[in-house]
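Data first, discussion second: the structure below is written as structure tokens.
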Amino acid sequence: MSEEAMTRFPVPDIDDLPADLQERIEDETERSGFTPNVFPAFGYKPGQFRAFFGYYDALVDNSPLAREELEMVIVAVSGANNCLYCIVAHGALLRIYGDDPHLAEQIATSHRTADISDAHKAMCDVAVKLTNDPAAVEEDDIERLTLGV
């Protein structure tokens, strides 16, 4: 177990994880330039790791959105949820995929004032609305998404 982990449950060393988990963590580290600490933490329960990241991959891989757009939505929703961990982790990914060092902070603070297109504002508006009050999402919200305004 890692000596540096600040947690109440054991976080395994990546080298002690099953080969498929090690490979997935290595791929993510290569792609993003860092290892999000959720990866080794989920390694504590390999079955849950596989289930969580399998679901995550299904959403990301089968999305018509570009990776930058997915990270925009995640950061906007994380801001609405006041989830600092997700803002930091996905903000780092948004900086990488969006090639903009300030975009994540703008979106986490207020996507409405961020330097993004009207289509991206509409996308974030609907995502935040779905997060805060899903019953309030109406047909005109969906129409904004299809029109990109």
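With an 8 Å Cα cut-off and a minimum separation of 6 or more residues, compute the relative contact order for the chain in percent.
15 percent
Using only the Cα atoms of the stretch 1-126, build the gyration tensor, take square roots of its eigenvalues as a ≥ b ≥ c, and label the shape rounded, prolate or oblate: rounded if a/c is under 1.5, else prolate if a/b is larger than b/c, else oblate.
Prolate, since a/c reaches 1.5 and a/b exceeds b/c.
About the Cα centre of the chain, how large is the charge dipole given +1 on each Lys and Arg Cβ and -1 on each Asp and Glu Cβ? Please answer in debye to the nearest 20.
Magnitude of the dipole: close to 380 debye.
When the helices in the chain are scored as -39500 (n - 2.57) per DSSP H run of 4 or longer and the sum is shared across all residues, what 222 nm value do you end up with, to the nearest 500 deg cm²/dmol?
-20000 deg cm²/dmol
Probe of 1.4 angstrom, ligands and nucleic acids ignored: what's the accessible area per residue over the stretch 1-92, in square angstrom?
Solvent-accessible surface per residue comes out at 62 Å².
How large is the dipole of the stretch 61-114 about the Cα centre if only Lys and Arg carry +1 and Asp and Glu carry -1, each at its Cβ, rounded to the nearest 20 debye?
Its charge dipole is roughly 180 debye.
Going by a 4.7 Å Cβ-Cβ cut-off, which cysteines of the chain have no partner at all?
Among the cysteines of the chain, those whose Cβ sits 4.7 Å or more from every other are 124.
Shape call for the stretch 53-149 from the C-alpha gyration tensor, a ≥ b ≥ c root eigenvalues: rounded (a/c under 1.5), prolate (a/b greater than b/c) or oblate?
Taking the square roots of the gyration eigenvalues as a ≥ b ≥ c, the stretch 53-149 is rounded.
Can you list which of the DSSP-assigned H helices in the chain have a Cα extent of 27 Å or more along the long axis and an average Kyte-Doolittle score of at least -0.5?
Once both thresholds are applied, nothing remains.
Which one of 39, 137, 60 has its Cα pushed farthest toward the positive end of the charge dipole of the chain, where Lys and Arg give +1 and Asp and Glu give -1 at the Cβ?
Value computed over the given set: 137.
The values are calculated or read from the model by the stated rules, or taken from the named source; none is laboratory data. Just so you know, these numbers come straight off a predicted model, no measurement behind them. As a convention, Cβ positions derive from the backbone with ideal geometry for all residues, glycine included, and neighbour counts pool all protein chains shown. For accessibility, only protein heavy atoms count, side chains too; no ligands or nucleic acids. Shrake-Rupley method; radii C 1.70, N 1.55, O 1.52, S 1.80 Å.
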